[in-house]
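Right, one structure below, let's go through it.
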Amino acid sequence: MSESTSIDVLLKERRVFDPSEEFVEQTNVKRWMNKRGIKSYDELLEKAKDLKWFWGEVSKDVVEWYKPYQKVFEWNEPYAKWFIGAKYNIVHDALDKHVKTYRKNKVAYIFEGEPGDVRKLTYRDLYVEVNKLANGLKSIGIKKGDRVGIYLPMIPELPISMLACAKIGAIHTVVFSGFSVGGLQKRISDSEAKALITCDGFYRRGKIVPLKSQVDECLGACHSVEHVIIYRRSMEEIQWKEERDHWWHALTEGQPTECPTEKLDANDTLYILYTSGTTGEPKGVISAHGGYAVGTALTLKWVFDMKDEDIWWCAADIGWVTGHSYIVYAPLILGATSVIYEGAPDYPNPNRWWKIVEKYGVNILYTSPTAIRMHMRYGEKWANKHDLSSLRLLGSVGETINPEAWMWYYKHIGKERCQIMDTWWQTETGSFVISPLPITPLKPGSPTRPLPGFTAEVYDEGGKPIKEGGGDLYLLPSWPAMLGGLYKAPERYVKTYWSKLPHMYLTGDKARRDEDGYFWIQGRADDILKVAGHRIGNYEIESALVSHKKVAEAVVIGKPHEIKGESIVAFVVLKEGEKPDDTLRKELREHVGREMGKLARPDEVWFVKDVPKTRSGKIMRRVVKARVLGAPLGDISTLRNPEAVDEIAFAT
Ligand code: WT7
């Protein structure tokens, strides 16, 4: 029987993966329930509906306030405040509290560079590095409330930089190192960062990516940046700008190894993290210290059942929210040991990840369906070369995991011993929202149900609640790590999340609910692509294309892709007199790569004379997509130029 037929059978049988009783009894969540006499998961969900009680109670297990809060939360639509009145700084829980205990000698990060270099940093090491950098930042005038851009690869200096900012009350805004000049520029300009922390270059697939030269190119247009701090990673030669540029090692040398942690308000901003929107520039999602700390730490402790002796590997990039929450803040708050790996998953061979799991005895692995499908394509022979028996739990995030990939992961990586935590959440939610706990019976492809303390609902277009069936996925306010708005864009915040149905947060996803109340995520309802689990706005790629001197108009859609989830297909209208050919096709691809980063390069570029538009001039992506996929076109009565639709079909 082939792999795929067995999955068909499995799904038809509606097989549910139930954890063993013995396993369940030992989990953090079950112990918490037992202590309080809570008998079943349903009872826990019911009890947790009292949000004030629930979040107040669990916060005691994960954070220490400088001054206790007076109120668990306050909802003042569309803004929430959590742990009101508390004095707090997340760095206290991430570092300061640990160096006073046995954990000071515990390894916080095991770092492996792509070339194979290894560094292990204890909590005490991390504490010292953070303090030195924090003092260095102060010495160049960075203070509470200032924004600091961080453009670094997956090296320990990335969390060190974030924590140093947080320590002194500065707001960090991390830009994914895979973004190129245009992407960096937009984010740095919007946040008006005063300083930018970067490195000379880093390793990716055996080559050096020259980060500092991209910074130099970007800063021509970003006038807010007064200081650039450069960590030496690749020993690249770099250009130097006196007054503005500082070597990390020079700035931190001789700095005191102690630096007082700023006692902030629990609702003060911790970071701004940009994410793609359907129109305009990326939006700056704001996160605060207190609620975020409680929300991320509790969810990690319960969903991935983090124990003190565990080795945790969240194989995401810190440039995205997954890394912010589950490589940096939550694991440090829990005093965990995490793996950070710099490079590509298949470099120099497809067994690189499995080698890492074996070498460090990783107990919990958290990754994306795209990565799983990539490993699946290379075949299990690569994983079979290694002892993966240390693994206890597995996780998935970023997009829906197809049952085939789920089964492969379950069988060949988890050896049918490890439950898979499929966690649904977003940059805006800050923490997991819809996710199983290790005690939850699983159905491959479903993130199961909202966690205790969260409420999700599905509504149809008319605003009717759907108990079984599909519609728009909404969340009910509020939860502790919920975004505190969009940076400098309060109207956009309301319009994006709070305008479709009253008093409910619109996620932008479509979802279905089955007879057991399990959620099945059907993808984005809006014009956002999900490429390799990363969010990219169709609009952003279209703007990048149109910024090319030969392009008049462009429309971009996503097409299902076996590994990446979606591939990017662009239809381009050239300016009068420009010749469509393969050279230009390549040039446009590279142009988008330069503007936004490799991730956003279209997989296909087609030249057309016109693109379908409404009478008011709006490009109808929905129709283009339907045409490409051969799906019904739906209502096209508002279309001004129906002939353009046929041209799309003809082009592809
Ligand atoms: C979007 C958020 C949250 C960390 C990574 C992405 C999709 C996320 C799942 C999942 C199906 C998922 C949704 C969501 N998504 N997790 N387990 N199953 N879809 O963060 O870039 O803010 O993207 O990712 O569409 O809205 P993000």
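The values are calculated or read from the model by the stated rules, or taken from the named source; none is laboratory data. These numbers come from a predicted model, not from an experiment. FYI the Cβ positions are ideal-geometry reconstructions off the backbone, even for glycines, and counts take in every protein chain you see. Remember, those area values only see protein heavy atoms, side chains included, never the ligands or the DNA or RNA. Shrake-Rupley method; radii C 1.70, N 1.55, O 1.52, S 1.80 Å.
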Q) List the aspartates and glutamates whose alpha-carbon lies under 19 Å from that of K263, not counting same-chain residues fewer than 8 positions away? A) E64, D93, D96, D146
Q. Under a straight-distance cross-link criterion of Cα-Cα below 18 Å, which lysines are reachable from K550, leaving out those fewer than 8 residues away in the same chain?
A. K575, K579, K586, K609
Q. What is the log10 of I(q)/I(0) for the chain, computed with the Debye formula using one identical point scatterer on each Cα and no solvent, at q = 0.06, 0.08 Å⁻¹?
A. -0.32, -0.59
Q. Mind listing the phi-derived Karplus ³J(HN,Hα) values for the stretch 212-222, rounded to whole Hz, using 6.51, -1.76 and 1.60 with θ = phi - 60°, and x for any glycine or proline?
A. 4, 5, 5, 5, 4, 5, 5, 6, x, 9, 10
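Full extension from Y347 to R615: what is 0.36 nm times the residue separation minus their Cα-Cα distance, to one decimal in nm?
Working: separation 268, 0.36 × 268 = 96.48 nm, distance 5.03 nm.
Taking Y347 through R615 to full extension adds about 91.5 nm, to one decimal.
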Q.
Keeping all protein chains in the complex and leaving out DNA, RNA and ligands, what accessible area do you get for R119 with a 1.4 Å probe, in Å² to the nearest 10?
A. 80
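Normalised by the number of residues in the chain, what is the relative contact order in percent for Cα pairs under 8 Å and 6+ residues apart?
Working: 1388 pairs, mean separation 82.8, N = 652.
It comes to 13 percent, rounded to a whole number.
Tell me the net charge near Y360. Cut-off is 10 Å between Cβ atoms, Y360 excluded, with +1 for each Lys or Arg and -1 for each Asp or Glu. Provide the component values of the computation, followed by the final result.
Working: positive: K120, K355, K359; negative: E112, E358.
Neighbourhood net charge equals +1.
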Q: Round to a whole angstrom and tell me the spacing of the C-alpha centers of the stretch 142-169 and the stretch 410-444.
A: 30
Q.
For a protection proxy built on the mean count of beta-carbon atoms within 10 angstrom, sort 568-580, 380-392, 397-409, 162-174 highest first, please.
A. 162-174, 397-409, 568-580, 380-392
**Q.** Inter-part distance where the stretch 80-123 and the stretch 297-322 are each reduced to a Cα centre, Å
**A.** 13
Q) What nm value, rounded to one decimal, do you get for the distance between E578 and K143 when each label is placed 7 Å out toward the C-beta? A) 4.9
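Around R244, what is the net charge, scoring Lys/Arg as +1 and Asp/Glu as -1 over all other residues with Cβ under 15 Å from its Cβ? Don't skip to the end; give the middle numbers.
On the way: positive: K194, K212, K241; negative: D216, E217, E226, E242, E243, D245.
For residues surrounding R244, the net value is -3.
Counting pairwise Cα distances across the stretch 532-651, what percent come out greater than 24 angstrom? Intermediate values should be presented prior to the final figure.
Details: 1639 of 7140 pairs.
For the stretch 532-651, the share of Cα pairs beyond 24 Å comes to 23 percent.
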Q: For the stretch 165-218, just the Cα atoms, rotate onto the principal axes and tell me the three extents in Å, largest first.
A: 37, 24, 15
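With +1 on each Lys and Arg Cβ and -1 on each Asp and Glu Cβ, how big is the dipole of the stretch 269-357 about its Cα centre, in debye rounded to the nearest 20?
Working: 5 positive and 8 negative charges, 19 e Å.
Dipole size: approximately 100 debye.
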Q.
Restricted to Cα positions, what overall size does the stretch 297-351 have along the principal axes? Three whole-Å values, descending.
A. 35, 24, 16
Q.
Students sometimes get this wrong: rank Y410, Y79 by accessible area, probe 1.4 Å, all chains present, largest first.
A. Y79, Y410
Q) What figure in square angstrom, to the nearest 10, would you give for the accessible area of S213 with a 1.4 Å probe? A) 60
Q: Compute the Cα gyration tensor for the stretch 477-524, then decide on rounded, prolate or oblate, letting a ≥ b ≥ c be the square roots of its eigenvalues: rounded whenever a/c is under 1.5, prolate when a/b is larger than b/c in the other cases, and oblate in all that remain.
A: prolate
Q: With unit charges on the beta carbon (Lys/Arg positive, Asp/Glu negative), name the residue among V174, M235, L251 whose Cα is farthest towards the positive pole of the charge dipole of the stretch 101-262.
A: V174
Q | Approximate spin-label separation V546-E43, in nm, with each point projected 7 Å along Cα-to-Cβ | A | 5.9
Q | Solvent-accessible ranking of F607, F111, largest area first, probe 1.4 Å | A | F607, F111
Q) Under a point spin-label approximation (7 Å from Cα along Cα-to-Cβ), what is the R244-W75 distance to one decimal in nm? A) 4.7
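What is the percent of Cα-Cα separations in the stretch 101-262 that go past 18 Å? Walk me through the numbers on the way to the answer.
Values: 7557 of 13041 pairs.
Within the stretch 101-262, distances greater than 18 Å cover 58 percent of Cα pairs.
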Q: Considering only protein heavy atoms, with the full assembly of protein chains and a 1.4 angstrom probe, order S191, S40 by accessible area, largest first.
A: S40, S191
Q | the stretch 306-384 - Rg and Dmax from Cα coordinates, angstrom | A | 12.8, 37
(Q) Could you tell me how far the Cα centroid of the stretch 198-251 sits from the Cα centroid of the stretch 19-46, in Å? (A) 50
(Q) I'd like the accessible area for W247, computed on protein heavy atoms only with a 1.4 Å probe and all protein chains in place. Round to 10 Å², please. (A) 50
Q | Over 29 Å (Cα to Cα) - which of K443/K467; K120/K411; K283/K359; K186/K241; K30/K530; K510/K618 fall in this group | A | K120/K411; K283/K359; K30/K530
